[in-house]
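Participant: Below are the structure tokens for one structure; questions will follow.
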Amino acid sequence: MKYGLFILSLLLFLFANVSSVIQLSAFSSGAPSGRAGAPAESGATCTSCHSGTNTTLPGLITSDIPVGGFTPGQNYTITGTISRPSITKYGFSISPQDNSGNLMGTMTVTSSETQLIGLNKYITHTSSGTNAPSGTKSWSFTWTAPTADSVVFYGAFLAANGNSGTSGDNTFTSQLKVYSQAFLSVKHQEWLEKSVSVYPNPVAENQIYIKTDISKIEMVRIIDNSGKVIKIISPINENAITVNLETLNYGIYFADIVLQSQVRTVKKIIKF
């Protein structure tokens, strides 16, 4: 009887440990489906399997989509980047969706460090795409834009502590909302021009004021003339803010202003 109980206990112990190893191996070779933090999936992220904190961190997802918006059928590069001190193991999951959780556009793998899962609705890391000796990790892929006014890229990023387990790891969520050229049409921009103010412009005192009577401001991105994002201010949740431009050289910039009502306008800024 005692021998039988010993064997049963040993089998249960081995099963638990083998399951843990299999689970860890699976996660190191890619996140499960439905873990990109999208609202349609109840915001599920890496914390579904990894203990630790979950923090919202704007700016982890970027693109080369022009300030004027995307064109349906065109290809663009989407990049996810995470950097944390002393961390050398990372993972991620990104999915472009609408409010109902439908896949928007088409993603194409461009590196052996990424893979598509969940009927190509999610892109995540492979086992060769988790190492980051420098402490910073980036993954890029091609996205073919759909016919839509806007698309949100939802992303969850895991910073692993290297203890070969699921405890003590940190998860970061981020979003990137992009708009089509049609949505950012001249007519729409004319209405926004009257509703969102950026002053003084040209800028002479190293700061600008942004004010709107439509809704609260969600995020402001300052972009240089080449399309590079210089500064991100988020979350804001105010109707008026001050943006310091002291560190910027003289030249032409753009203020990409996103409101909580999900409208967006781009204002040209001249600093001299």
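The values are calculated or read from the model by the stated rules, or taken from the named source; none is laboratory data. Since this is a predicted model, take the numbers as computed values, not measurements. Here the Cβ positions follow ideal geometry from the backbone for every residue, glycine too, while neighbour counts run over all protein chains shown.
Participant: Conditions: (1) assigned by TED's automatic domain parsing to the domain that holds residue 47; (2) β-branched (Val, Ile, Thr); (3) modelled with pLDDT of 90 or more. Residue 166 meets all but one. Number of the miss?
Facilitator: With (1) assigned by TED's automatic domain parsing to the domain that holds residue 47; (2) β-branched (Val, Ile, Thr); (3) modelled with pLDDT of 90 or more applied to residue 166, the lone miss is (3).
Participant: Restricting the search to the stretch 30-67, which residues are of a type in the set (Gly, Ala, Ser) and either outside any loop (DSSP other than H, G, I, E, B) or exposed (fewer than 14 other Cβ atoms within 10 Å of the Cβ) (or both)?
Facilitator: 40, 42, 48, 51, 63
Participant: Okay, next question. How many residues are outside any strand (DSSP E or B) and of a type outside the set (A, V, I, L, M, F, W, C) if we restrict to the stretch 81-121? Can you show your working first?
Facilitator: We begin by selecting, within the stretch 81-121, every residue outside any strand (DSSP E or B); these are 84-88, 98-102, 104-105, 110-113, 118-121.
Next, only the ones that are of a type outside the set (A, V, I, L, M, F, W, C) stay: 84-86, 88, 98-102, 105, 110-113, 118, 120-121.
Selection size over the stretch 81-121: 17.
Participant: Moving to a separate point now. Restricting the stretch 202-234 to residues that are crowded, with 16+ Cβ neighbours inside 10 Å and of a type in the set (S, T, N, Q), which is farthest from residue 265 (Cα to Cα)?
Facilitator: Checked the stretch 202-234; the qualifying residue farthest from residue 265 (Cα to Cα) is 234.
Participant: Does residue 118 satisfy being touching a Ser or Thr at 6+ places or on another chain (Cβ under 6 Å) and modelled with pLDDT of 95 or more?
Facilitator: yes
Participant: When you scan the stretch 155-167, do you find a residue that is surrounded by fewer than 17 Cβ atoms within 10 Å (Cβ to Cβ) and under 26 Å from residue 65 (Cα atoms), even just one?
Facilitator: No - not one qualifying residue is present in the stretch 155-167.
Participant: If you check residue 158 against the conditions, is it in contact with a helix residue (DSSP H, G or I) (Cβ under 6 Å, 6 or more places away or on another chain), in the same structural domain as residue 83 (by TED's automatic domain parsing) and either in a strand (DSSP E or B) or not aromatic (Phe, Trp, Tyr) (or both)?
Facilitator: yes
Participant: Of a type in the set (Ser, Thr, Tyr), over 28 Å from residue 76 (Cβ atoms) and either surrounded by 12 or more Cβ atoms within 10 Å (Cβ to Cβ) or more than 21 Å from the chain's Cα centre (by Cα) (or both): does that describe residue 199?
Facilitator: It is true that residue 199 is of a type in the set (Ser, Thr, Tyr), over 28 Å from residue 76 (Cβ atoms) and either surrounded by 12 or more Cβ atoms within 10 Å (Cβ to Cβ) or more than 21 Å from the chain's Cα centre (by Cα) (or both).
Participant: Hey, does the stretch 192-207 have a residue that's within 27 Å of residue 61 (Cβ to Cβ), in a strand (DSSP E or B), among the polar types (S, T, N, Q) and not assigned by TED's automatic domain parsing to the domain that holds residue 69?
Facilitator: No.
Participant: Can you pull out the residues in the stretch 235-272 that are of a type in the set (S, T, N, Q) and surrounded by fewer than 17 Cβ atoms within 10 Å (Cβ to Cβ)?
Facilitator: The answer is 237, 239, 242, 244, 247, 249, 260, 261, 262.
Participant: Scan the stretch 173-184 for residues that are outside any strand (DSSP E or B) and either loosely packed, with under 13 Cβ neighbours inside 10 Å or of a type in the set (A, V, I, L, M) (or both) and jot them down.
Facilitator: 182, 184
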